[in-house]
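The values are calculated or read from the model by the stated rules, or taken from the named source; none is laboratory data. Since we're looking at a predicted model, the values are computed, not measured. As a convention, Cβ positions derive from the backbone with ideal geometry for all residues, glycine included, and neighbour counts pool all protein chains shown.
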Amino acid sequence: MKNLFLSSPLLCVASLGVVCQAQPSQQRPDEGFKFIAAAQHQYDSNFARVASDFGEDPVNPEIGHDEQITRAALGIGYNKSISNQRLGVRFTANQYSYAERDYLDEHSFEGSANWRSQFSRNFSTQLNYERTELPVDQLEFRGRDLVANDKAKVQLSLGDSRRLGFVVGAIQTDQTHSNEDRQYLDFQDQDVFAEVRYKGLASSWVSLRYRKGDRDYEWVELLPRDLNFDYEQWEIETSWALSPKTELSGIAGYFEREGATNDDEGALAGLTFSWQTTPKIATEVSYTYSQPAQGETSDSPAEVSVASLMVRWQWTTKILVSAGGSYSEYEYVNEREYSPYGERNLSLTPLAVEWVFSEALRFRLSSQWYERHSPDVIRDFDGHVITGGLGLVF
């Protein structure tokens, strides 16, 4: 599910990636059980996504535009290596509490599982599963709805330690909505893929990949139009170490879709340039372009392009400071010939600070300002978000 201008409605403090465990010395530092506890508080000045031309929330006129959301999380994880087998599982339960709109209070469950087997230097398999479940943005739906994505992947690799390798696999993605009024948007996407990968010097590599799959909506009879389709996609993906301090990675692809509504062809692209500017400062510039299938999101843009810049400064060994921003453009199918439809969005992160108190405890504070420009007045708005969170892993 495409997010409109934020990386997620709420930052995931529970997955801070800190591990602190008392394990026997023969185990790897990240092995064994870990328990996660996290708390996060967020203030959004325009949670209702109300345009500047409107003076009140159209659904709740007695409530202001802003909102404060508290998220509490408890979880457990386990990692273990046995011979050439590597197993990892994680489960997190989240509770969302809203200060003004308590009817939106909700709980969600997220998790992951992965199993990697290295049968020889040149033959390995992977099984991965990941589940995310997040509250929907109020611009997309004014009510309580959790959007869950369950993704399962199986992959077999040949030639792991050689210059030339081959990979085959399959992926299944299920998208579901907790709100009964939106369950007609639930779909399942299945595809199989095959790729040839060439490894260059150092960590450089390039892959040629072919995908074939289909997307099926569970409640086709409830849709305003038939959104099911089959697709084929060709991709070239690469990551290249240009120098000891710079790296360029990217992907380019071409697809064909066949369906009653999604009967078209198009392209996708992504490019990221990483530069270790100084020993303490890292800079990353990226650009992505895609043509989502109609029905993939509620507003169904025909084209999406996003450019972003992020600068990170390792102020001390325990404090990381970052700042950046992104600019995105959304183009829509013009159903009214006299009025082309496009939106321009700007998101700035003036300051974000992550402070590692210890191996088990982290604190994060971030700020963000967003502005959306749209010819549709109800989608033309701005606001700012401040988020603070504390995460504990033991």
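Tabulated data for the structure shown
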{"item": "Subset tally (residues that are aliphatic (A, V, I, L, M) and over 17 Å from Gly325 (Cβ atoms)) for the stretch 339-364", "result": "3"}
{"item": "Residue pairs meeting the criteria (Cβ under 6 Å; at least 6 apart or on separate chains; first within 21 Å of Ser45 (Cβ to Cβ), in the stretch 136-148; second of a type in the set (Ser, Thr, Tyr))", "result": "Glu140/Ser298"}
{"item": "Qualifying residue in the stretch 6-28 (condition: modelled with pLDDT of 65 or more and surrounded by 14 or more Cβ atoms within 10 Å (Cβ to Cβ))", "result": "no"}
{"item": "Qualifying positions in the stretch 366-394 - part of a strand (DSSP E or B) and more than 21 Å from Asp137 (Cα to Cα)", "result": "Leu390, Gly391, Leu392, Val393"}
{"item": "Identity of the residue in the stretch 87-101, of a type outside the set (A, V, I, L, M, F, W, C), modelled with pLDDT of 95 or more and out of contact with any His (no Cβ under 9 Å at 6 or more places or on another chain), that ends up farthest from Ala39 (Cα to Cα)", "result": "Gly88"}
{"item": "Hits in the stretch 234-260 - residues which are in contact with a Gly (Cβ under 7 Å, 6 or more places away or on another chain) and of a type in the set (Val, Ile, Thr)", "result": "Thr238, Ile251"}
{"item": "Number of positions in the stretch 135-146 that are touching a strand residue (DSSP E or B) at 6+ places or on another chain (Cβ under 6 Å) and hydrophobic (A, V, I, L, M, F, W, C)", "result": "2"}
{"item": "Residues satisfying the stated conditions in the stretch 371-392, i.e. more than 17 Å from Ser45 (Cα to Cα) and of a type in the set (A, V, I, L, M, F, W, C)", "result": "Val377, Leu390, Leu392"}
{"item": "Any hit, the stretch 169-187, residues being modelled with pLDDT of 95 or more and either of a type in the set (Lys, Arg) or in contact with a Cys (Cβ under 7 Å, 6 or more places away or on another chain) (or both)", "result": "no"}
{"item": "Some residue of the stretch 158-177 being of a type outside the set (Phe, Trp, Tyr) and in contact (Cβ under 8 Å) with a residue 60 or more places away in the chain", "result": "yes"}
{"item": "Given (1) in contact with a Gly (Cβ under 9 Å, 6 or more places away or on another chain); (2) of a type in the set (Asp, Glu); (3) crowded, with 16+ Cβ neighbours inside 10 Å; (4) touching a residue at least 24 places away in the same chain (Cβ under 8 Å), number of the condition Glu130 does not satisfy", "result": "(4)"}
{"item": "Qualifying residues in the stretch 194-213 (those that are under 25 Å from the mean Cα position of the chain (by Cα) and in a loop (DSSP other than H, G, I, E, B)) - the one farthest from Tyr231 (Cα to Cα)", "result": "Ser203"}
{"item": "Long-range neighbours under 6 Å by Cβ, at least six apart or interchain, first residue touching a residue at least 60 places away in the same chain (Cβ under 8 Å) within the stretch 302-314, second buried (at least 16 other Cβ atoms within 10 Å of the Cβ) and assigned to a strand (DSSP E or B)", "result": "Val304/Ser290; Val304/Tyr330"}
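To keep it simple, each residue is scored yes or no on (1) over 30 Å from Phe35 (Cα atoms); (2) basic (Lys, Arg); (3) at pLDDT 95 or above.
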{"site": "Ser298", "(1), (2), (3)": "yes, no, no"}
{"site": "Ser308", "(1), (2), (3)": "yes, no, yes"}
{"site": "Gly325", "(1), (2), (3)": "yes, no, yes"}
{"site": "Arg336", "(1), (2), (3)": "yes, yes, no"}
{"site": "Ala352", "(1), (2), (3)": "no, no, yes"}
{"site": "Arg372", "(1), (2), (3)": "yes, yes, no"}
{"site": "Gly391", "(1), (2), (3)": "no, no, yes"}
